[in-house]
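Enquirer: Attaching a single structure in structure tokens format; questions to follow.
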Amino acid sequence: MSKRGGADDKALALAKGKRIRGAEDVLRKVQALATQLKNSKEVEKTLTELNLPYNCREVVDKDGNDVMAEIEAAMYSVASTILEGEGFTFDVPSRAKGNQMYVPELDRIVLRDAVSKRPFASTATCRKAAVTTRILGLVHELLGKNIHVTKRDLFYTDVKLFEDQSQSDSILDDLACMLGCTRSSLNVVASEKGVVVGRLSFREDGDFIDCQRMGVGGKAIPPNIDKVTDISSDASFILLVEKDAAFMRLAEDRFYNTYPCIILTAKGQPDVATRLFLKKLKSTLKIPVLALVDSDPYGLKILSVYMKGSMNMSYDSSNLTTPDIKWLGVRPSDLDRFDIPQQCRLPMTEEDIKTGKRLLEEDWIKSNPEWVRELELMLSSKVKAEIQALSSFGFQYLSQVYLPLKLQEGDWI
């Protein structure tokens, strides 16, 4: 084997003299974490139980008939005000940044219950009111026919009105919030993006799927998670990977055969289907989730979306967030610990530094001293590194040295 191809003697020596033991010993601390998770009696808190001094808005999964009834009630109200000569206005929950907040007791972002008016008679909002009305009609049609379409399909039904897909996508989120249902309840899904591979099987709309037989590319995560049933796995943990390149390396090396796990990625910024799928896996299997992201502020922002939710979809954070994901790597402290070459350490840009400082101001990071230390180390050194920096020791260093050593030592935060 060439020195570039695998974890050769030099690469193993760079593990700081620590010997990587057998797979059973490597996973001992992971399995202890899994046992702790399964024995945990902690019940997830809800907004209603907290009695917060302000009202918040959250959505739930709704049956198609229930969503249709909500749409019809909204349109009856519109018709009534028009007949009375008052025109019409939609009361749309405000998803502005100032209306979102982190609730420590829930460990996620929530949306405060404030409403903005969207009158058709106003020049500032008439177009948005028209788009809202049009999409309400399209969603009602989908629900009536009991079919699903992608957000792209929806956009192409009226390109002249919508102008840009980002506009129709934003209105979809407004409608889900307004109707009190999850976005998937509207029968509009995002195109497939995330992929999964490893020790996992399930049924998708009745078809049996074995994720150990999906090759290097893995199985596309279904856009309609409601059709995923009969989840089964003998994995010890879920490995959440930021990038497709690292996912492919681990899949090709059959990392999950040596260290039983499920590997998934959203190939960058997490999409709704991947976030829903991850939450469903963890709640069903009750095994730990360990994250492998770039050692830079954007890797941490991506991880925070999985853990705490996104500003854009804070109204659905209870369904989309997976709490207590462990940050396995690549952490800023790993750069010196694993002797990452200077040429693989990239200088942080001004924007990187600003993003890192903003992250340090987040309440959920302030509450975790280990995260604070890592971020402060990153900002003081002003360097970042990608997962691929580990390939400087050999293409299989990630799967044969770095990850086994981190797992063996329980080196996560």
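Enquirer: Output the pairs from Lys227/Lys279; Lys145/Lys219; Lys97/Lys326; Lys97/Lys280; Lys145/Lys280 with a Cα-Cα distance over 20 Å in this structure; if there are none, say none.
Expert: From the list (Lys227/Lys279; Lys145/Lys219; Lys97/Lys326; Lys97/Lys280; Lys145/Lys280), the Cα-Cα distance tops 20 Å for Lys145/Lys219; Lys97/Lys326; Lys97/Lys280; Lys145/Lys280.
Enquirer: Here is a further query. How large is the charge dipole for region 51-189, taken about the Cα centre, if only the Cβ atoms of Lys, Arg (+1) and Asp, Glu (-1) carry charge, to the nearest 20 debye?
Expert: The calculated dipole for region 51-189 is roughly 420 debye.
Enquirer: To make sure I understand the rule: partners must be aspartates and glutamates, Cα under 14 Å from the Cα of Lys357, and not fewer than 8 residues away in the same chain. Which ones qualify?
Expert: In chain and number order, the partners are Asp296, Glu374, Glu376.
Enquirer: Would you work out if region 334-374 is rounded, prolate or oblate? Take a ≥ b ≥ c from the square roots of the eigenvalues of the alpha-carbon gyration tensor; rounded if a/c is under 1.5, else prolate when a/b is larger than b/c, oblate otherwise.
Expert: Oblate, because a/c is 1.5 or more while a/b does not exceed b/c.
Enquirer: On to the next question. How large is Rg/Rh for region 302-356, to two decimals, with Cα atoms and a Kirkwood Rh?
Expert: 1.11
Enquirer: Follow-up. Please name which of Asn224, Ile302, Asn257 has its Cα lying farthest along the dipole of the chain towards the positive end, using unit charges on Cβ (Lys, Arg +1; Asp, Glu -1) and the Cα centre as origin.
Expert: Toward the positive end, the furthest listed residue is Asn257.
Enquirer: Can you give the translational diffusion coefficient of region 85-239 in µm²/s, computed by Stokes-Einstein from the Kirkwood radius over Cα pairs at 10 °C and 1.306 mPa s?
Expert: 87 µm²/s
Enquirer: What order do you get for 64-74, 391-401, 183-193, 375-385 when each peptide is scored by the mean count of other beta carbon atoms within 10 Å, highest first?
Expert: Result, highest mean first: 391-401, 183-193, 375-385, 64-74.
Enquirer: Okay, next question. Calculate one ³J(HN,Hα) per residue across region 305-321 by plugging θ = phi - 60° into the Karplus curve 6.51 cos²θ - 1.76 cosθ + 1.60, and present them in order as whole Hz with x for glycine and proline.
Expert: 5, 4, 7, 10, x, 10, 4, 5, 10, 4, 5, 10, 5, 5, 8, 9, 9
Enquirer: Over all Cα pairs of the chain, how is the pair count split among 10 Å bins, expressed in % and running from 0 up to the last occupied bin?
Expert: Computed distribution, short to long bins: 4, 20, 28, 24, 14, 6, 2, 0, 0.
Enquirer: Would you please name the trypsin sites (Lys or Arg not before Pro) within region 237-291 that are DSSP coil residues with at most 16 other C-beta atoms within 10 Å of their C-beta?
Expert: Arg254, Lys267, Lys286
Enquirer: Calculated from DSSP H runs of 4 or more alone, at -39500 (n - 2.57) each and per residue, what is the 222 nm mean residue ellipticity of the chain, nearest 500?
Expert: -12000 deg cm²/dmol
Enquirer: For Ser283 and Thr48, what does the FRET efficiency come to when R0 = 25 Å and r is the distance between their Cβ atoms, rounded to the nearest 0.05?
Expert: Computed FRET efficiency for Ser283 and Thr48: 0.80.
Only the coordinates and a few stated rules stand behind these numbers; no lab work does. Everything quoted here is computed from the prediction, not taken from an experiment. A quick note on method: Cβ atoms are made from the backbone with ideal geometry, for glycine too, and the neighbour counts reach across all protein chains shown.
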